[in-house]
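**Student:** Sharing a structure, written as structure tokens. Questions coming.
The values are calculated or read from the model by the stated rules, or taken from the named source; none is laboratory data. Since we're looking at a predicted model, the values are computed, not measured. Counting neighbours? That spans all protein chains shown, and the Cβs are built from the backbone with ideal geometry, glycine included.
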């Protein structure tokens, strides 16, 4: 059973990417960050290239 797809607003995306940057700077691992901000690795990288 898969999760229901969730759409993020541009504001939510910006906040999650900023939060991820702060966690990366603090030395957190990417896998932990992705769980915390609740996005897949593919989504994270897709957001990053925009």
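**Student:** If a residue has to be in a helix (DSSP H, G or I) and touching a helix residue (DSSP H, G or I) at 6+ places or on another chain (Cβ under 9 Å) to count, how many in region 31-47 make the cut?
**Tutor:** Residues that pass the stated criteria total 10.
**Student:** Is one or more of the residues making up region 3-13 in a helix (DSSP H, G or I), surrounded by 10 or more Cβ atoms within 10 Å (Cβ to Cβ), over 9 Å from the mean Cα position of the chain (by Cα) and at pLDDT 95 or above?
**Tutor:** yes
**Student:** Test residue 28 against the stated conditions and say whether it is surrounded by 10 or more Cβ atoms within 10 Å (Cβ to Cβ) and assigned to a loop (DSSP other than H, G, I, E, B).
**Tutor:** Answer is yes for this residue.
**Student:** Can you say whether residue 50 is surrounded by fewer than 11 Cβ atoms within 10 Å (Cβ to Cβ) and either at pLDDT 95 or above or part of a loop (DSSP other than H, G, I, E, B) (or both), as far as the supplied structure shows?
**Tutor:** Yes: the conditions hold for residue 50.
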